[in-house]
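One structure below.
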């Protein structure tokens, strides 16, 4: 197993390089201009824009730019944002805590919803509980997050005035009060994302458990006289977890850069909104840095998932 | 012999030979007995019929701007109400429904087919094929969708337009783009299932009996790994319908005056407090479509599962 | 209206028959700017009324926190690099210019002791220089004194092409000379009719010499003060997260008494316009939101809740439709929409006039923009005595039908008019923006009734407004028949704005489509008038030239104006926030206060 891990990690390096080449090329070819706002400003003469482009090396051929980018990445210099004129790593680090807090919590919430409900619904298929759970799950993922977000805002912020809907990172309070304020403002974005995610995960968990629950060894376990809950937890869930692990691993990198709509609606200053504003402003260094970290996380989590399969199902072997 | 004495007399003489029922017919029979699946199939058929034939029955134009009738509740002249330009929502939903359902189903099919294909091959093979396919999957997962979308649409829009016309060209592009970004989870799920199923006893038995890898896959492993695939399929339909509205919001989808369901939801979002009907109908339509496809999927899964006694 | 008409109108103001404000409003309606109108009055000897300050608080501080929402967050805080108004506003919290434009187009001194004029000797008679006297006793946030050295430094910094500042246009052609510690003189190479550009308003914020001196030219991006501004403004810097938040706290040494009122300011960024309006007018979480580009209906609904209202201030922005004079569908030497071609359909004046009649401006104003978009009557008012020919603003499908019919465009079997085998089909593009899409739909419907087929196209704003040479969807390429967007006129002087129709600036492959003349319309008369206006010192003559240029462009139907777009902000009912259409929203931030 150790050798497998080592091999995978070694393979990860060239694959990351390959991915970064493709990413960079896509960004270089995609239409859009980092200095478009200057273009509409009649007071900015064309030479200034040309100067800026030259300063940032935008007129060099793609290969030269890639090599330059790669070299500076290796040196720890993640680039310089066109739009904000500050270092990219500073930008990312500023937003990391909020992202981990809000988006991370929503994933945990999704898991907390999906696992118990999915398992329980699968143990009683087509019962009332199952039907209700299914219906809520369908509603949950049929409605886009921009919709549920606005619905929540209308109900909880405007009608009931319980929760603030603009997320502020700098709450001037300490101790208990600080946590309370943060909790209040994080509740809606976490709920919107978590419920949306949880809805589809519930369906997956239910389906995975249903697949397993009819297998012979479960019947055996039951006939051995084990209590239902022991049967479910020790035998069923562990084996049903494989699809769930796959999904969670696929979703983890999305914490870093995926919750764009929710961040927009609630003005959560996370990495997702950094990414989308960088994309719309064609701020290539920021996009490259964020997507590169994103791809590292993708590779990492998929490797973790592969390892977990082996632990969950001992029959799966790797050469 | 005791076993051949019939309990009741039969009209014909010799016992009939046992009917040979193909697995397909058997599956269909089991499907028919699954009530929810039938209900789902019925609902879906109704929806598709409505969007296909509806505009011929309800002939109110979709872009008839009438400011006097702005944001009206459902009434006889406007069964689904009107939007903020006074356009009739029922007509818009019927027209846009064609596109939404087509996009949803087509994108889902692409995602499922490509994903299953890639996942199956990766799961069955070992060594470098698996690694290469997983690298490809990771690559697609890492790609930032938006710039790629912009690039693809910008590159191919004109060629497609000249080949098949504006609307068809746009449709192909959107379906390719949405479906093209959804196959990766399916591939990973299928691969995971394959990794685990491939070692199971019944597959080993088939191997011992001399089944070729293809036969093992198609007849033994694949039917048993369909569970997550089906769930992914239904979720993908909803996702595709909504993704199309996001694309349109960014200017990359259909022109903004084409009333797909996702677009209607998007237009309605700022008027939720006074014109809830505007969002209610497209939302319910998406919900029903997803519901019906899902029950069909459940029925399929149960029908194909050899262990389930129906 | 011509020069004679203008002088007559000014005479009316002198005699008190027309108020100053009415005059300025009419000039703005005619396509001029309030600052130019004010200049006209000043030149004609009509004294500037001293604006009474509405500021009530009698001591500094104690007002608590001021929370404002900018749905496009500031991404940098150096005013010389500001990309768009959001960055200017972020910088304006901390930095100040010598003078600013009030809503009536008058200059208000901020860091200047007084406004230069011919009477006080600030303005040279030959128009080649202007002398600014600086306010004494002003300190930077770090305590150092503000002097003429800082002003001269700003000129050096901005005019250096290696710094690549966006303000360079205002500084590269002038020379700034220090006369003493609190006086500077700006020299113009030739008589400048519009002298209030350098050191004024959005492009005139002053940065401190002692902190930026080491970072001129190519090193300009390394200055640490870029991220931690030190200015003379009412608030001192606390924290900055690009795109997300700017925070400041009260400057206790501010150079005006009793100001500012608030103890701290927080400027939050991100999100969209509708929820920004909600945050001010429905939940009261914020006191002010910038640029709420939202349908008026929604705004009115929110105002009913009694917490806030929409603050609408007239500026110079106009939503335009442009008609392509060249043919975008034929390629000549690798270039579409080349001036070597003529548009086959739009070259026919009847078609252009018909299109003009098919824009239902009233409906657009009533149902889409409401107070935030006032239908423009072709730039030309119809004042009782001063008519211009052929410039009535009208919406009539029947007339359009008639026009086309008589010009020989007959309806085909599909309802679309055609002549000589050419059908009236156009591609109409604009950027993604809900009100714009609705406007497109309204126009499309009217055109359908007249037998014209419009294909609607909406392009992502960042692509539409980009200057990317390879992209075919940009507005400068104009690779379609009709397009629509808002031309911003926040510059106080129309000269630069009007160069959009100059022959020499036609956008083409040669200049990488950077030319400002996007419609590619050419007219000798127009060119002559523009060059004349560049050198004309008499503001009244100049205004008349501008109006003639307006007439020419609109009569030729190179453009079809749709609605004026005033600036709309959402303000809490308790907040007093004076805004100006000719400067940043924060132009008078020092005077903002809240009812107790």
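The values are calculated or read from the model by the stated rules, or taken from the named source; none is laboratory data. Every value quoted in this text rests on a predicted model; they were computed, and no experiment measured them. Here the Cβ is made from the backbone with ideal geometry for all residues, glycine too, and neighbour counts use every protein chain on show.
Of (1) within 14 Å of chain A (Cβ to nearest Cβ); (2) surrounded by fewer than 19 Cβ atoms within 10 Å (Cβ to Cβ), residue C:70 satisfies all except one. Which?
(2)
Hey, could you check region B:38-66 for residues that are assigned to a loop (DSSP other than H, G, I, E, B) and free of Cβ contacts under 8 Å to residues at least 60 places away in the same chain and say which is farthest from the chain's Cα centre (by Cα)?
Filtering region B:38-66 for residues assigned to a loop (DSSP other than H, G, I, E, B) gives B:58-66.
Remaining after also requiring free of Cβ contacts under 8 Å to residues at least 60 places away in the same chain: B:58-61, B:64-66.
Working: B:58: 27, B:59: 29, B:60: 29, B:61: 29, B:64: 32, B:65: 34, B:66: 36 Å.
Only one residue tops the list, namely B:66.
In the list A:316, A:299, which residue meets the criterion of being within 8 Å of chain B (Cβ to nearest Cβ), under 19 Å from residue A:245 (Cα atoms) and in a loop (DSSP other than H, G, I, E, B)? Working first, answer last.
Working: A:299 fails: in a loop (DSSP other than H, G, I, E, B).
One residue alone meets the criteria, A:316.
With respect to the numbered conditions (1) crowded, with 17+ Cβ neighbours inside 10 Å; (2) touching a residue at least 40 places away in the same chain (Cβ under 8 Å), which one is the sole condition not fulfilled by residue C:62?
(1)
If you take just the helices (runs of 4 or more DSSP H) that sit entirely in region B:111-184, which of them hold at least 1 residues that are under 23 Å from residue A:292 (Cβ atoms) and modelled with pLDDT of 85 or more?
Working: elements: B:128-142, B:145-164, B:166-180.
Per the criteria, B:128-142, B:166-180.
Do we have any residue at all in region B:295-307 that's more than 30 Å from residue C:292 (Cβ to Cβ), within 7 Å of chain A (Cβ to nearest Cβ), crowded, with 20+ Cβ neighbours inside 10 Å and at pLDDT below 85?
no
Per-residue answers, yes or no, for (1) assigned to a helix (DSSP H, G or I); (2) closer than 20 Å to residue B:291 by Cα; (3) within 9 Å of another protein chain (Cβ to nearest Cβ):
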site: A:132; (1), (2), (3): yes, yes, no
site: A:151; (1), (2), (3): yes, no, yes
site: A:156; (1), (2), (3): yes, no, no
site: A:161; (1), (2), (3): no, no, yes
site: A:165; (1), (2), (3): no, no, yes
site: A:183; (1), (2), (3): yes, no, no
site: A:186; (1), (2), (3): yes, no, no
site: A:189; (1), (2), (3): yes, no, no
site: A:210; (1), (2), (3): yes, yes, yes
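A quick yes/no check of all residues on (1) touching a strand residue (DSSP E or B) at 6+ places or on another chain (Cβ under 6 Å); (2) facing chain A (nearest Cβ under 8 Å); (3) in a helix (DSSP H, G or I):
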site: B:194; (1), (2), (3): no, no, yes
site: B:207; (1), (2), (3): no, no, yes
site: B:218; (1), (2), (3): no, no, yes
site: B:228; (1), (2), (3): no, yes, yes
site: B:236; (1), (2), (3): no, no, yes
site: B:268; (1), (2), (3): no, no, yes
site: B:274; (1), (2), (3): no, no, no
site: B:277; (1), (2), (3): no, no, yes
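Given the residues B:142, B:162, which is the only one that is free of Cβ contacts under 8 Å to residues at least 12 places away in the same chain, buried (at least 21 other Cβ atoms within 10 Å of the Cβ) and over 15 Å from the mean Cα position of the chain (by Cα)?
Values: B:162 fails: buried (at least 21 other Cβ atoms within 10 Å of the Cβ).
Of the residues listed, the single one that is free of Cβ contacts under 8 Å to residues at least 12 places away in the same chain, buried (at least 21 other Cβ atoms within 10 Å of the Cβ) and over 15 Å from the mean Cα position of the chain (by Cα) is B:142.
Does residue A:218 qualify as being modelled with pLDDT under 80, under 21 Å from residue B:225 (Cα atoms) and within 14 Å of chain B (Cβ to nearest Cβ)?
On the way: modelled with pLDDT under 80: yes; under 21 Å from residue B:225 (Cα atoms): yes; within 14 Å of chain B (Cβ to nearest Cβ): yes.
Answer is yes for this residue.
Give the residues of region A:247-260 that are touching a residue at least 60 places away in the same chain (Cβ under 8 Å), touching a helix residue (DSSP H, G or I) at 6+ places or on another chain (Cβ under 6 Å) and part of a helix (DSSP H, G or I), sorted by residue number.
The answer is A:252, A:255.
Which of the following residues is modelled with pLDDT under 85 and closer than 20 Å to residue C:360 by Cβ: C:511, C:433?
On the way: C:511 fails: closer than 20 Å to residue C:360 by Cβ.
Testing whether each residue is modelled with pLDDT under 85 and closer than 20 Å to residue C:360 by Cβ leaves just C:433.
For residue C:214, which of the numbered conditions (1) in a helix (DSSP H, G or I); (2) closer than 28 Å to residue A:88 by Cα; (3) touching a helix residue (DSSP H, G or I) at 6+ places or on another chain (Cβ under 8 Å) fails to hold?
(3)
Take the residues of region A:55-81 that are facing chain C (nearest Cβ under 9 Å) and either at pLDDT 70 or above or more than 30 Å from residue C:158 (Cβ to Cβ) (or both): which is surrounded by the fewest Cβ atoms within 10 Å (Cβ to Cβ)?
Residues of region A:55-81 facing chain C (nearest Cβ under 9 Å): A:55, A:80-81.
Narrowing further to those that are either at pLDDT 70 or above or more than 30 Å from residue C:158 (Cβ to Cβ) (or both): A:80-81.
Working: A:80: 16, A:81: 26.
Going through the qualifying residues, I end up with A:80.
Out of B:89, B:94, B:85, B:44, I need the residue that is within 30 Å of residue A:130 (Cα to Cα) and in contact with a helix residue (DSSP H, G or I) (Cβ under 7 Å, 6 or more places away or on another chain). Which one?
B:44
Tell me which of these residue A:146 doesn't satisfy, since it passes every other one: (1) buried (at least 21 other Cβ atoms within 10 Å of the Cβ); (2) more than 8 Å from chain B (Cβ to nearest Cβ); (3) under 27 Å from residue B:274 (Cα atoms).
(2)
Can you name the residue in region B:67-86 that is in a loop (DSSP other than H, G, I, E, B), more than 10 Å from every other protein chain (Cβ to nearest Cβ) and over 32 Å from the mean Cα position of the chain (by Cα) and, of all such residues, is nearest to residue B:278 (Cα to Cα)?
Among residues in region B:67-86 that are in a loop (DSSP other than H, G, I, E, B), more than 10 Å from every other protein chain (Cβ to nearest Cβ) and over 32 Å from the mean Cα position of the chain (by Cα), the one nearest to residue B:278 (Cα to Cα) is B:72.
Go through region C:328-353 and count every residue that is over 17 Å from residue C:522 (Cα atoms) and part of a loop (DSSP other than H, G, I, E, B).
Step one: list which residues in region C:328-353 are over 17 Å from residue C:522 (Cα atoms), which gives C:329-336, C:345, C:350-351, C:353.
If we keep only those that are part of a loop (DSSP other than H, G, I, E, B) as well, we get C:329-330, C:333-334, C:345.
Number satisfying all stated conditions: 5.
Which of the numbered conditions does residue A:289 fail, given that it passes all the others? Conditions: (1) surrounded by 18 or more Cβ atoms within 10 Å (Cβ to Cβ); (2) within 26 Å of residue A:113 (Cβ to Cβ).
Status for residue A:289: all satisfied but (2).
Check region C:262-283 and report whether any residue there is touching a residue at least 12 places away in the same chain (Cβ under 8 Å) and away from chain A (no Cβ under 14 Å).
Yes; the residues of region C:262-283 include at least one that is touching a residue at least 12 places away in the same chain (Cβ under 8 Å) and away from chain A (no Cβ under 14 Å).
Can you report the number of residues in region A:261-296 which are in contact with a helix residue (DSSP H, G or I) (Cβ under 7 Å, 6 or more places away or on another chain), in a loop (DSSP other than H, G, I, E, B) and either more than 7 Å from every other protein chain (Cβ to nearest Cβ) or within 30 Å of residue B:191 (Cβ to Cβ) (or both)? Before you say what the answer is, go through the steps one by one.
Just the residues of region A:261-296 that are in contact with a helix residue (DSSP H, G or I) (Cβ under 7 Å, 6 or more places away or on another chain), to begin with: A:261-266, A:268-276, A:278-282, A:284-292, A:294-296.
Keeping just the survivors that are in a loop (DSSP other than H, G, I, E, B) gives A:268-270, A:281-282.
Next cut, either more than 7 Å from every other protein chain (Cβ to nearest Cβ) or within 30 Å of residue B:191 (Cβ to Cβ) (or both) only: A:268, A:270.
Matching residues across region A:261-296 total 2.
Within region A:113-130, restricting attention to residues that are more than 13 Å from chain B (Cβ to nearest Cβ), in contact with a helix residue (DSSP H, G or I) (Cβ under 8 Å, 6 or more places away or on another chain) and assigned to a helix (DSSP H, G or I), which residue is surrounded by the fewest Cβ atoms within 10 Å (Cβ to Cβ)?
Out of the qualifying residues, it is A:129.
Hey, which of the strands (runs of 3 or more DSSP E) in region C:479-592, taking only ones fully inside, have at least 2 residues that are within 14 Å of another protein chain (Cβ to nearest Cβ), on the phi < 0 side of the Ramachandran plot and surrounded by fewer than 21 Cβ atoms within 10 Å (Cβ to Cβ)?
On the way: elements: C:482-487, C:559-564, C:567-572.
In region C:479-592, C:482-487 are the strands (runs of 3 or more DSSP E) which contain 2 or more residues that are within 14 Å of another protein chain (Cβ to nearest Cβ), on the phi < 0 side of the Ramachandran plot and surrounded by fewer than 21 Cβ atoms within 10 Å (Cβ to Cβ).
Where residues in region C:303-337 are in contact (Cβ under 8 Å) with a residue 60 or more places away in the chain and within 14 Å of chain B (Cβ to nearest Cβ), which of them is nearest to residue C:361 (Cα to Cα)?
Here the residue is C:328.
Could you check how many residues of region A:157-178 are surrounded by 12 or more Cβ atoms within 10 Å (Cβ to Cβ) and over 20 Å from residue C:64 (Cα atoms)? Outline the logic, then answer.
At the first step, the residues of region A:157-178 found to be surrounded by 12 or more Cβ atoms within 10 Å (Cβ to Cβ) are A:157-158, A:163-171, A:178.
Then keep just the ones that are over 20 Å from residue C:64 (Cα atoms); that gives A:157-158, A:163, A:165.
The qualifying residues number 4.
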